[in-house]
Structure formats: C-alpha cells, structure tokens
Amino acid sequence: MALWNSIPLEITYEVLGWVAFLSWTVGAYPQIVLNIRRKSVVGLNFDFVVLNLTKQSAYLIYNASLYFSSAVQKQYFEKYGKEQMIPVAANDVAFSIHAVLMTAVTLCQIAIYERGNQKVSKISFGIVAAVWLGAAVCVFLALPTHSWLWLISIFNSIQVFMTVIKYIPQAFMNFLRKSTDGFSIGNILLDFSGGVANYAQMAVQSIDQGSWVNFYGNIGKTLLSLISIFFDLIFMSQHFVLYRGERALIAPKIISKESTEPLTPKIISNESMEPLIKSSDDPVSENV
C-alpha cells in the first residue's frame, strides 16, 4: 500500500474528508427537523426517500467491504497495483452508516406524520425490488470464485444508479407544485458542500500520488460527487430562482378510476389563501 509523499497534502486530504462527512451528516437533519416542526411530510417526495435508502445501503456495503476486508483490498491491489492507495477513507464509512440510519428515521416520519395524498409509487417499489434481486444473484455468482472486488463493484454501481434516479422524483414534484415548500433547502446546501469537498479530497490524493487511478478505481465516489452537485444546483435554482416565495401548494390530484379530472397542480398564492399545512402553534409553513 502506497504512503503519502506530502504531509501537507495528507492533512488536507483528511480535513476535506471530514468536511464532506460533516456536511453530509448534518445535511440529514434539516429535513428531519422540518418534518417534526410541521408534523407533516407533505412536499417531501416519498420515492426520493425509498430510493435513497437503497442507495445508501449499497454504498455502505461497498465502503465497509473495501475499508475493512483484507481479502477485498488484496484483490484491489492485484488489479490496480500495490503502489496505489485504498480509495475509501474512514469518513466514507462513517457517513454511510449515518446516512442509512437517518434515511430510516425519515421513512418512520413518513409513516406517522401527515402525508396528504402522497404515496410511494409502484415504479419505485419495482426498481428497489429488481435492484436487490439482482444484487442477490450477483452474490451467488461471486461465491464460487471469491470474486469479492467484482461483487462490491456491483454494489458501487448500484449506488451510482440510485443516485442518478433518486433525485428525479423530487425535482419533478417541485416542478409540478411550482414550489419547494416542505423540502428542506438546508439539506441541499450541505449536500452541495459535501459533494465539492468529497471531489476535492480525491483530487488531493491524486496530486500526491501523481496518478488518477483513484478516480476510476472508485468511479462510484467520483460520480456520486458530480451527480449530487448537478442535482443540488437544480434544487437551488428551483428554491431561490424559479419558485422563490411560493409557499403553500396543493399536490397534484391522483386520478382515480371513477374520476376523469386532469392531473393539474394547483398553486395557492401567499396573498390569497392560507398555507396548506397549519399547526396550532405556528400557522406559517417554513423551510429549514
């Protein structure tokens, strides 16, 4: 296993890694706090949460396996060279554990708080079922040959795929409602900071080693940062530019078999109507 050539770069690497960890870790709380204060999850897309749980679980399996397993590390060095460094740091493992737990907490909130007519789509259920079924098949394929590096690369690919699709339902829902009310912008700002710090951390390691192997050796971590940054910019544009000032919106009605009413989002302006969600303590909805 390679050693660091520059102590300042090694320190910078560690600092950036823990900045990413803190940003992503703290970023899980604004949405949870917002849900508690509103006693409602209206505005938070349930597909986003369900898909995110699968994403974070797959990422945890990859990070923990590559960081702790000597068998996986041996296969990594055989493929990329013993002079390379393991592209997973302690902060990656810590983040993954925390992310799985916080996503599970958010799912519990969905179960107990006011959710209007929102529900998890059959498409999301189907995607999650297909992903875990495919992962189970890969486990059985890897067992005879002990292809552990190949197996965890599958989980890395799963987390990249889920990262790509998990943001789409929330972004589309914001578009239909013409609002980000109920979806925490604090989460997005911290997620953006974490993505930038995570990518910078990998760049520092590459500069020190004079090699870019860690970028394609851990392509999942690379794409995780880039995809997160891309969608975070979309959400920030929706919140601060496109739908700024729009608070209370009615989610699109679900068309039943008996109803032919078109699927049309209804916007309620701040001046003309009361907010959709009201509590006895504070009638004004808010974003954290």
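Descriptive notes on the structure:
- By the Cα gyration tensor, segment 81-124 has an equivalent ellipsoid whose semi-axes, rounded to whole angstrom, run 37, 14, 5 from largest to smallest.
- Carbon-plus-sulfur accessible fraction, segment 35-94 (probe radius 1.4 Å, protein heavy atoms only): 56%.
- For W150, the solvent-accessible surface with a 1.4 Å probe is about 110 Å², rounded to the nearest 10.
- Two-site FRET efficiency, A129 against V164, from Cβ-Cβ distance with R₀ of 22 Å, rounded to 0.05: 0.75
- Cα-projected label distance for T145 with V26, points at 7 Å along beta-carbon direction, nm: 4.6 nm
- Shape metrics for segment 26-183, restricted to C-alpha atoms - Rg then Dmax, Å: 18.0, 56
- Sparsely packed trypsin sites (Lys or Arg not before Pro) within segment 145-246, loop by DSSP, other Cβ within 10 Å at most 15: K178, R244
- Extension gain (nm, one decimal) between Y216 and V105, 0.36 nm per residue minus Cα-Cα: 36.7 nm
- Segment 73-100 and segment 1-41 have Cα centres lying 17 Å from one another.
- Ranked order, S206, S65 - accessible area, probe 1.4 Å, largest first: S65, S206
- Solvent accessible area, Å² - L242, 1.4 Å probe, full protein context: 110 Å²
- Note on surface exposure: F140, F231 rank F140, F231 by accessible area, highest first, 1.4 Å probe.
- Counting only heavy atoms of the protein chains and using a 1.4 Å probe, H146 has close to 100 Å² of accessible surface.
- Packing rank of 82-94, 117-129, where each peptide gets the mean count of other beta carbons within 10 Å, highest leading: 82-94, 117-129
- Per residue convex hull volume, Cα atoms of segment 6-110, in Å³: 105 Å³
- Shape index of segment 100-217: Rg/Rh, with Rg the Cα radius of gyration and Rh the Kirkwood radius from the inverse mean 1/r over Cα pairs, equals 1.04.
- Cα-Cα separations in segment 160-211 greater than 19 Å, expressed as whole percent: 48 percent
The values are calculated or read from the model by the stated rules, or taken from the named source; none is laboratory data. Please read all numbers here as calculations on a predicted model, not as lab measurements. So basically every Cβ, Gly included, is an ideal-geometry build from the backbone, and we count neighbours across all protein chains shown. Heads up: the accessible areas ignore ligands, DNA and RNA and are worked out on the full protein's heavy atoms, side chains in. Shrake-Rupley method; radii C 1.70, N 1.55, O 1.52, S 1.80 Å.
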